[in-house]
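What follows is a single structure, written as structure tokens, with notes after it.
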Amino acid sequence: MGRRDTSPAAQVVECDSLDVHVLLDNTTDLTSSSGSMVTSHLGNALRRRPRFGLTGTCLCCANWGLSLALDIQANGETRRVMFDAGPDCESLRRNARILAYDLTQFDAVVLSHGHWDHAGGLTEPFTQQRRRSTVKVTEFHANHSMFVRRGMRTAPDRVVPFRSPPSPERLRGLGAKLIIEETARVLADGYAYLSGEIPRLTEYEVGLPGHVAMRSKSSEWTDDPLILDERWLAVKVRDKGVIVFSACSHAGVVNVLRHARTVFPDIPLFALMGGLHLSGQPNEQIIDRTVEDLADFSLERIIPGHCTGWRAITALAQRFGDRVTPLSVGQTHRF
């Protein structure tokens, strides 16, 4: 008798459906058509029937960063996962209020990597839980390398530091149940998969040149272009396949998808959603190669946002047509 597969991927439970609410993204777009499986920002705003009609106060704000709220439905129940928290608590709080999304009800909060534009709002769900004296205990998933100091070298003798994520001690003090491990795992009762370290296989996806890290208070800035703490998230949806969430794709989105295909070899990759990190130099130089290699995965839906950039989104739309729907704050995507 063969040995039973006990890997985290083998433990992932298939859900009936998945709704993804875009709590934060760089862009806002009220009027572009997005197909029947997407509720627009405007649609979500009008659903609440704003008291004074359509005004700026009833709309979400865009900000540099990403935060996705996943509602995973199975057997009449919903598990909720937050994938990143955007750049600051204020934007996240405002948008959640406008979308009538309860930040206190997450089963798990996941940080994709240790950059400020994904970690700045991390304390908000736990702060709201504490203020409401909720009994719910929310898991916080990360790995140790996410908490080192980061920055960008803008000249040989100058580094612009990044604001670090909230410390594990601060999150624990707010009531979070910390799960800080390097390896892959399942969460939300097995309905979501969080990857381990992403193998770097392509020769043209080289990370973020100029990125540096400081491993301890007494150390100096050292080159850190690969950002090896980055992780991707996945949900398996019945009759569709695997939805892959890559918040920033510093590892290279082709590397992310190759890793996902290795982890789920017998299940089609149905959709890719998140930041593809194809904006700015030198990332824009690899747009054509990336788009060409993405064709190998036969994705039904590609939902790029955050750090993807308009040049890459244009190239994706030209190649894949209506399979591409750009991310915009306030949207809801259904799978």
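The values are calculated or read from the model by the stated rules, or taken from the named source; none is laboratory data. This structure is a prediction, so every number in the text was calculated from the model and none was measured. All Cβ positions, glycine included, derive from the backbone under ideal geometry; neighbour counts span all protein chains shown. What goes into the accessible areas is simple: the full protein's heavy atoms, side chains included, and nothing from ligands, DNA or RNA. Shrake-Rupley method; radii C 1.70, N 1.55, O 1.52, S 1.80 Å.
Observations on the model:
- Flag: Asp84 does not match the condition of being among the acidic types (Asp, Glu), modelled with pLDDT of 95 or more, surrounded by fewer than 20 Cβ atoms within 10 Å (Cβ to Cβ) and under 21 Å from Gly175 (Cβ atoms).
- Pair list, Cβ < 9 Å and 6+ apart or interchain, from the range 240-253 residues that are closer than 19 Å to Leu70 by Cα and open to solvent by 10 Å² or more (accessible area, probe 1.4 Å) to residues that are in a loop (DSSP other than H, G, I, E, B) and among the aromatic types (Phe, Trp, Tyr): Lys240/Phe335
- Strands (runs of 3 or more DSSP E) within the range 1-112 that include 2 or more residues out of contact with any helix residue (DSSP H, G or I) (no Cβ under 8 Å at 6 or more places or on another chain) and over 30 Å from Ser133 (Cβ atoms): 17-24
- The single condition among (1) modelled with pLDDT of 95 or more; (2) open to solvent by 40 Å² or more (accessible area, probe 1.4 Å); (3) out of contact with any Cys (no Cβ under 8 Å at 6 or more places or on another chain) that Leu54 does not meet is (1).
- Here Pro8 meets each of (1) without any contact (Cβ under 8 Å) to a residue 60 or more places away in the chain; (2) within 22 Å of Lys177 (Cα to Cα) with one exception, condition (1).
- Counting residues in the range 68-87 that are out of contact with any strand residue (DSSP E or B) (no Cβ under 8 Å at 6 or more places or on another chain), touching a residue at least 12 places away in the same chain (Cβ under 8 Å) and farther than 30 Å from Gly190 by Cα gives zero.
- In the range 9-18, of all residues being surrounded by fewer than 17 Cβ atoms within 10 Å (Cβ to Cβ) and at pLDDT 95 or above, the one that is nearest to Leu46 (Cα to Cα) corresponds to Ser17.
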